[in-house]
Amino acid sequence: LDIRLERATRAEQRGSYSSSVPVSCPSTCPAQRAHRPTAPAFFNGLLARLLPPPTAMDSDSGEQSEGESLPGAEMFSSKSLALQAQKKILSRMATKAMASMLIDDTSSEILDELYKATKEYTKNKKEAHKIMKDLIKIAIKIGILYRNNQFSKQELEIVDKFRKKLSQTSMTAVSFYEVEYTFDKNVLAELLDDCKKLLHELVERHLTPRSHGRIDHIFSHFANAEFLTALYSADGDCRPYLKRICEGVNKLLDERVL
């Protein structure tokens, strides 16, 4: 873990937003994937190379993401402190350079193209970087919560609902690209909004208002009808990025990662 964090820190300091360093994620091995609990692939994949296997956590452990003390928590819990430290340290290091070192190549390439499309649409490199950083931070935090068994039975049902909704959204997005004249910005925006609502529900008792704000920031961009229209424009500047995004998503669908 120390070695990986050191590598990630060096990559962050270089300021690179490229995923040119080839990384293979052990969690994508079919034999391992067959024994892994079902969860959103991005959340699991990002954490699989950093964290140890899930361990039982105390009832007062790790529900705040920004290092705040838990309301009513009176007993000391080293596991709680460890969980908070994981979320705080990793979320502070949540850059694309780090993500490219932690997730599989296909997911990293999708993130690259989403960043490029966002930068092209917003004409604002800083805003595009912030959107992607918020996305990675939320993925890291949910991944930590999942791998440390912080979700209740009811919340795990929400995880499954989110996985299915994300899969439906991914297939719809690819279909709109592959089949001419089928794109409907309202349909895709509604599916993305459903994903946002499920995420808010999932982390309601775990993350702070700041993290909920990050979720809103992410989806206010990707579910924006004008952005989706620009992304799917047949002769628009974002079309090459959409092509590579859909190729990557198709690959993850074929591998049953999504």
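The values are calculated or read from the model by the stated rules, or taken from the named source; none is laboratory data. Everything numeric in this text was worked out from a predicted model, so none of it was measured. Every residue, glycine as well, gets a Cβ built from its backbone with ideal geometry; the counts of neighbours run over all protein chains shown. Only protein heavy atoms, including side chains, enter the accessible area calculation; ligands, DNA and RNA are left aside. Shrake-Rupley method; radii C 1.70, N 1.55, O 1.52, S 1.80 Å.
For the stretch 172-202, backbone nitrogen atoms closer than 20 Å to the point 7 Å from residue 255 Cα along Cα-to-C-beta are found at 172-175.
When a/c is below 1.5 the answer is rounded, else prolate if a/b is larger than b/c, else oblate, so apply that to the stretch 105-144 with a ≥ b ≥ c taken from the square roots of the Cα gyration tensor eigenvalues.
Numbers: a/c = 3.95, a/b = 1.50, b/c = 2.64.
Verdict is oblate for the stretch 105-144.
Ranked by solvent-accessible area (1.4 Å probe, protein heavy atoms only, all chains present), the residues 200, 221 order from largest to smallest as 200, 221. You can think of it this way: the chain between residue 197 and residue 220 has 7.1 nm of extra reach, that is 0.36 nm per residue less the Cα-Cα gap. Pairs from the table (116/141; 133/197; 137/165; 126/161; 153/197; 133/164) lying more than 27 angstrom apart at Cα are 126/161. Checking the a/c ratio against 1.5 first, then a/b against b/c, what shape does the Cα gyration tensor give for the stretch 111-258? Taking the square roots of the gyration eigenvalues as a ≥ b ≥ c, the stretch 111-258 is prolate. For the stretch 118-258, with all protein chains in place and a probe radius of 1.4 Å, 49% of the accessible heavy-atom surface sits on carbon or sulfur. Remark: the stretch 99-258 carries 48 Å² of accessible area per residue (probe radius 1.4 Å; ligands, DNA and RNA excluded). The charge dipole of the stretch 153-258, taken about its Cα centre with unit charges on the Cβ of Lys, Arg, Asp and Glu (plus for the first two, minus for the last two), comes to roughly 400 debye. For the stretch 183-228, rounded, prolate or oblate, judged on the Cα gyration tensor with a ≥ b ≥ c (square roots of eigenvalues), a/c < 1.5 rounded, else prolate if a/b > b/c? The shape class here is oblate. Applying 0.36 nm per residue to the separation of residue 179 and residue 233 and subtracting their alpha-carbon distance, the gain on full extension is 18.1 nm. Sorting 115, 241, 181, 121 by accessible area puts them as 181, 121, 241, 115; the probe is 1.4 Å, largest comes first, and only protein heavy atoms count.
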